[in-house]
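The structure appears right after this line, and notes come after that.
The values are calculated or read from the model by the stated rules, or taken from the named source; none is laboratory data. The model shown is predicted, which means the values in this text are computed figures rather than measured ones. Methodologically, a virtual Cβ is constructed for each residue, glycine included, from the backbone with ideal geometry; neighbour enumeration extends over all protein chains shown.
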Amino acid sequence: MQIVNAKTTEEPSRHEVWRMFDRIAPRYDLLNRLLSFGTDVRWRKKIARLLPSQSPLTLLDLATGTADQAIALVESDARIMRATGLDMSEQMLAIGREKISRRGLAGKLQLRTGDAGAIPEPDRAFDVVTISFGIRNVLDVPASLRDMLRVLKPGGRALILEFSLPPNRAFRPFYLFYLRHILPRLGALISGDGSAYRYLNQTIETFPCGDGFCSLMRAAGFAAVRHHPLSLGIATIYQGDKPEIAK
């Protein structure tokens, strides 16, 4: 087997990417568990440890998909009194609503159609904005980050979970081989949509990570920006706060 360390990967179009998620919605959760070997569940739970200290909390989860991240946070932290999940894929939202209903969370967590690139929410409405595995799918990342800042209350926090490339030079070739050759084939076999999982590896390889993404958050106006690598760096949580209003 030839292990390839790097190659030029063409950046795919994000135009109407929600249509792709509509197609793979029925197998989306299963594939997340299988293709990440269950680690995506642990990654989502780690976001709860980074929530801001104030109480109560209002939460906005962007690109919520089937609502795994929003559900994990609402169930793990009783300070979250109201949560909203937004996504453009109606098929994903339908699955998310079923899960919310089964867990008895409908009174606290609502899902609505909405674009993470143009958030249909008022200024200073939320204490926390989260987005998990969705920021790399928006058309204009800097504009989306500025919009997250807009809807946060002063002192509020954005928490962004996204795939990244491991910095370890010995491990990275094996990870890239998995991304380029194994993941698309498994995804196609289970979902019947090989293009969706080719898109996944292409977006991971072309998206800024680590210090590069932290720089985008600072440019958007976030303060106290930090990043938390997970599982040898194959995923990262990015954290940034909205500055308090000067007294």
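Annotations for the structure displayed:
- When the residues of segment 183-192 are filtered to those that are in contact with a helix residue (DSSP H, G or I) (Cβ under 9 Å, 6 or more places away or on another chain) and not in a loop (DSSP other than H, G, I, E, B), the one that is modelled with the lowest pLDDT is SER191.
- Of all residues in segment 194-232, those being in a helix (DSSP H, G or I), among the hydrophobic types (A, V, I, L, M, F, W, C) and on the phi > 0 side of the Ramachandran plot number 1.
- Scanning segment 175-224 for residues that are buried (at least 19 other Cβ atoms within 10 Å of the Cβ) and of a type in the set (Val, Ile, Thr) yields THR203, ILE204.
- Here the helices (runs of 4 or more DSSP H) wholly within segment 23-136 that include at least 2 residues being farther than 30 Å from LEU183 by Cα and out of contact with any helix residue (DSSP H, G or I) (no Cβ under 8 Å at 6 or more places or on another chain) are 68-76, 90-102.
- Evaluation of ILE160 against (1) surrounded by fewer than 16 Cβ atoms within 10 Å (Cβ to Cβ); (2) out of contact with any Lys or Arg (no Cβ under 7 Å at 6 or more places or on another chain); (3) closer than 24 Å to GLN54 by Cβ (one fails), failing number: (1)
- Condition met for PRO166 (closer than 22 Å to LEU230 by Cα, in a helix (DSSP H, G or I) and not aromatic (Phe, Trp, Tyr)): no
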